[in-house]
Amino acid sequence: AVSYLGPAGTYTEEAAFLHFGQQETLVPAATVAESLAMLDRRECDYAVVPVENTIGGPVYRYIDLVVANKGLRVVGELNLPIRQTLLALPGAALSGVKTVMSHPQGIAQSREWLKKNLPDAKLVEVSSTAEAARKVAEMGDPSVAAIAASRTAAVYNLSILANDLQYTNTNVTRFWVVTLKKQAAPAKAKAAVVVSGPADKVPGLLYDLGRKGFKLTALHDRPAKTRLGEYVFVAEAAGGSADALEEVVAKHGGALEIRVLGLYETKSF
Ligand SMILES: O=C(O)C(=O)C[C@]1(C(=O)O)C=C[C@@H](O)C=C1
């Protein structure tokens with residue numbers, strides 16, 4: 001089974017379905033933390049987690065949760081185009097909308113549209129886009145709207161008041177598929193490594209990764225919570241081999257603490 005940030009109708013559910021199809025049961029969780037806890041409790045084998053969006057940037061809360069659980073491995077990645085719609089009760093009018101609810105990323109992606117079309121609306125952050133839609137249906141108040149996927153309208157019997165709220169039509173969210181299970185890595189893949197230590201030791205590591213065929217695709221710095229100048233970096237790089245990665249990790253493993261978070265293939269939709 002696969003856990004995802006629920007309820008039914010989230011983008012994470014769509015990503016999970018695109019990755020696993022009918023092969024796995026999809027199980028909604030109230031939060032990403034809860035969806036990862038389901039792996040610890042062996043209730044699910046995999047979890048799908050949003051990690052980055054074109055407009056909203058990295059979802060640090062979620063990346064930190066994945067990194068904090070040292071047994072987790074990234075075994076897959078999906079890039080999913082995100083088109084945001086405004087959902088409300090059937091019969092509701094855009095001019096009557098006073099409150100807009102969504103996941104923080106949904107609000108961030110729609111900020112320009114909201115400023116132009118609903119400048120006075122109160123913005124309320126909830127746990128997911130589908131949770132916002134579910135709440136709109138439950139409240140039965142036509143002045144409350146949700147930013148969510150168009151397909152989510154049908155899940156909660158809502159109407160679409162507006163389409164394409166996202167700032168750009170190249171809006172994409174990146175998801176990781178994570179697991180506690182041991183799984184064979186593909187021969188040539190994208191790699192994610194968690195690197196802890198002083199910042200000045202990192203360029204050497206990145207240089208050697210590049211030399212060995214890994215093209216850097218992302219670099220995140222998170223607080224190590226030890227002292228200023230020390231960080232937990234998450235570096236992602238594509239195109240190298242497992243052997244080359246092992247070599248580079250061995251070379252730099254003295255100056256830095258390096259953990260391979262995963263070797264995985266990327267699917268873009
Ligand atoms: O709320 C959802 O529908 C989610 O799946 C979460 C999430 C995210 O965390 O970025 C996923 C894709 C979109 O960028 C908006 C929200």
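Side notes on the structure shown:
- Cβ charges +1 (Lys, Arg) and -1 (Asp, Glu), total dipole of the range 85-162, debye: 140 debye
- A viscosity of 0.890 mPa s and a temperature of 25 °C, combined with the Kirkwood radius over Cα pairs in Stokes-Einstein, give a translational diffusion coefficient for the range 127-213 of 137 µm²/s.
- Over 27 Å apart at the Cα level, from the set Lys122/Lys225; Lys70/Lys135; Lys115/Lys225; Lys70/Lys188; Lys188/Lys251, are Lys122/Lys225; Lys70/Lys135; Lys115/Lys225.
- Extending 7 Å from Cα along the Cβ direction at Ala199 and again at Ile160 yields two label points whose distance is 4.5 nm.
- Axis of helix 129-139 versus longest Cα principal axis of the chain: the two differ by about 30°, to the nearest ten degrees.
- At 0.890 mPa s and 25 °C, Stokes D of the range 85-162 from Kirkwood alpha-carbon radius, µm² per second: 209 µm²/s
- Rounded to the nearest 500, the 222 nm mean residue ellipticity of the chain from helices alone is -8000 deg cm²/dmol, with -39,500 (n - 2.57) taken per DSSP H run of at least 4 residues.
- Spatially proximal lysines relative to Lys116 (Cα-Cα < 24 Å; intrachain offsets below 8 disregarded): Lys98
- Equivalent ellipsoid semi-axes - Cα gyration tensor, the range 188-268, angstrom: 21, 14, 10
- Taking every DSSP bridge with both residues inside the chain, close to 75 percent are antiparallel.
- Cut-off 14 Å between beta-carbons: net charge of the residues surrounding Ala250, Lys and Arg +1, Asp and Glu -1: -2
- Per-pair calculated FRET efficiency, R0 = 30 Å: Leu228 and Tyr207 via Cβ, rounded to 0.05: 0.80
- Note on the range 85-162: antiparallel DSSP beta bridges, both residues inside, total approximately 45 percent of the bridges counted.
- Per residue, the convex hull around the alpha carbon atoms of the chain comes to 135 Å³.
- At R0 = 51 Å, FRET efficiency that the Cβ-Cβ distance of Thr168 and Arg42 yields, to 0.05: 0.80
- Net charge contributed by nearby residues that have their C-beta within less than 15 Å of Thr25 (K/R +1, D/E -1): -3
Coordinate-derived values only; no laboratory data. Bear in mind the structure is a predicted one, so any value in this text is a computation, not a measurement. Every residue, glycine as well, gets a Cβ built from its backbone with ideal geometry; the counts of neighbours run over all protein chains shown.
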